[in-house]
Structure formats: structure tokens, C-alpha cells
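**Q** My structure is below; once you've seen it, I'll send some questions.
The values are calculated or read from the model by the stated rules, or taken from the named source; none is laboratory data. Worth saying up front: this structure is predicted, and the values here are computed from it rather than measured. Note that we place each Cβ from the backbone using ideal geometry, even for glycine, and neighbour counts take in every protein chain shown.
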């Protein structure tokens, strides 16, 4: 029997794949068949790590995982050499440049077709190529903007927008597990306030916060100030992040934000971002909210806040 003693997190570090992608490749494509411990933990051998590394290299060269997952290791080695020498036509981009639109185009097409399998596969390929942060920055973030614009101009319906949010919620939930951290990590509550019905931006915020070491309590869309504040107190969260996307002219939102700030403990930081943020600039300034420009700004702000929290302990 081939000795298998590497846990999935160790395999993820060695191959450059995420644990989520490894599980999907195992379950859906039978790329490897790890052994199981008495407690059902996966254990991988050196040979299986090699297979996964080769598959990552081959899919980075543009091949789809399905047709190559069951090839022998020797054929995978040969294909990897051929791919390195002459990448196949239609190779997907591996850098955060204009070519990343290939991933975005696939995602948009999958949403329009309401094809959850195609959307998940596109996200998985993008995560393999770009990493977790690159996926958020260059694919899911722009996808959220595209969904909003397509919905506003009538190209897609509300059903499409909810469909994309549902698939991405599940995908990001799995992807964030390797970043779960410890009980000592600072806590953040993520939501959209009452009347804000689009949650994709909040999902992105939650995943990004988990990636940079925060313990995330995700509440979803359109919650009253009292419930957001209650969850913050119950979880002893150090920060609350809100996504404002639509509508941009809700007369009730100003009072909701004022109430939220009133109900939150003084030491809790309030971070707000999203396409509709500018429309509420005056009240956000009044309540001292940090207005987040983009994903990079969010991560920088969370890093700085994390330092302050640790220094205060």
C-alpha cells in the first residue's frame, strides 16, 4: 500500500491549489482517491501530490480539468511538458491583466444561462489561476458590478442576480474555510442594512475579511439596525462592514445608519462600501464610517484595524 500521510492543508500548500479545489477535483472528477483516517480525514501520498501538481500546471495552460483528470500520471507528465512548450489555443490568462476577462466572460455567460455547474467551474479555474484574493479582486468583484449593470439595463432579471449570489455564496463559503483562523482572531459582522437587497458585495467583503485573518459573521441582506447591532454585541465583534449597492435613493437608509451607529458600542468600527456608497456620503461622514473605495482599500483598512485591536489587548 502506498503510504499516505499528508493532510489536505499540507497538500494545498505544496500544490498551490486550495483545499476547496482539491475536494472538488476529487469528488467530481476522481482526480485522486485519498485514504481516510478513522475520523474520516483525508490523507494523501507523494504520488497523489504529484498528480495534483501536474493537474494544476495543465489547467493553468488552458486545459479543462474534466478530460485530463483521469489520465495516468505518466500521460500527465507528458502533457505538462507539451503544454509548457506550446500552450493550447484559447489559454486562459494567468495574470491580473486584460486576459482575466476570459474568466469574467465565462461567469457572465453561465449566469445568463442559469448554469450553476458552469459558473462554479469558471470560479474554480479562476481561483486555481489567480488565488483566493485574485479571484475576489479580478473576477468576483467585477462580476458583481456586471450583474448590477446588466440587471439595471434589463439584460438579466432579478432571478439571475439571485442565482449568481446563491452560487457564489456557496463557493466562497467553501473557499474561506482554510482561512478560518483561531478563536483569538478579531471578529467582524458583515451585512447589508434594511432596504439594501443586493448581497453579492457583502459576500465579497466577508470572503476578503476571512482571507486576511478576521473571524466573519455573515448575516446576509436587508437587516434592520437593531439586528445588526445585536449580532455585533453577541459576537463581541470589533467591526461591522456594510455593502450599499441598490437602491441609491432610499430615504429610510439615513435613519437606519444613524440608528446603527447609536446602537453599536463606541469601540466598534463601521466600514461601508459599494456602488451606492457615494449617494449616502453625508450621513456616512456624520456617523464616522470608514468609506471603502475598493477591495484593496478594504484589506488595508482591515489590516490596520487588526493591528490596533491586537495592540489594545
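**Q** Look through 102, 95 and report the one residue that is under 21 Å from residue 204 (Cα atoms) and either modelled with pLDDT under 80 or in a loop (DSSP other than H, G, I, E, B) (or both).
**A** Among 102, 95, only 95 is under 21 Å from residue 204 (Cα atoms) and either modelled with pLDDT under 80 or in a loop (DSSP other than H, G, I, E, B) (or both).
**Q** While we're here: Taking residue 245 as the residue in question, decide whether it is modelled with pLDDT of 95 or more and either in the same structural domain as residue 137 (by TED's automatic domain parsing) or touching a helix residue (DSSP H, G or I) at 6+ places or on another chain (Cβ under 8 Å) (or both).
**A** no
**Q** Restricting to the range 25-54, what's the tally of residues that are in contact (Cβ under 8 Å) with a residue 40 or more places away in the chain, surrounded by 15 or more Cβ atoms within 10 Å (Cβ to Cβ) and over 27 Å from the mean Cα position of the chain (by Cα)?
**A** 1
**Q** Taking the residues in the range 1-47 that are part of a helix (DSSP H, G or I) and in contact with a strand residue (DSSP E or B) (Cβ under 7 Å, 6 or more places away or on another chain) as candidates, determine which candidate is farthest from residue 76 (Cα to Cα).
**A** 8
**Q** Would you check if residue 36 is out of contact with any helix residue (DSSP H, G or I) (no Cβ under 7 Å at 6 or more places or on another chain), modelled with pLDDT of 85 or more and within 18 Å of residue 117 (Cα to Cα)?
**A** The answer is no for residue 36.
**Q** Scan the range 117-128 and give yes if some residue there is modelled with pLDDT under 85, surrounded by 17 or more Cβ atoms within 10 Å (Cβ to Cβ) and in a helix (DSSP H, G or I), otherwise no.
**A** Among the residues of the range 117-128, at least one is modelled with pLDDT under 85, surrounded by 17 or more Cβ atoms within 10 Å (Cβ to Cβ) and in a helix (DSSP H, G or I), which makes the answer yes.
**Q** Sort out which residues of the range 152-161 are surrounded by fewer than 17 Cβ atoms within 10 Å (Cβ to Cβ) and either assigned to a helix (DSSP H, G or I) or touching a strand residue (DSSP E or B) at 6+ places or on another chain (Cβ under 9 Å) (or both), and write them in order of number.
**A** Across the range 152-161, the qualifying residues are 152, 158, 159.
**Q** Just give me the residues in the range 137-150 being buried (at least 19 other Cβ atoms within 10 Å of the Cβ) and modelled with pLDDT under 90, in sequence order.
**A** 137, 138, 144, 147, 148
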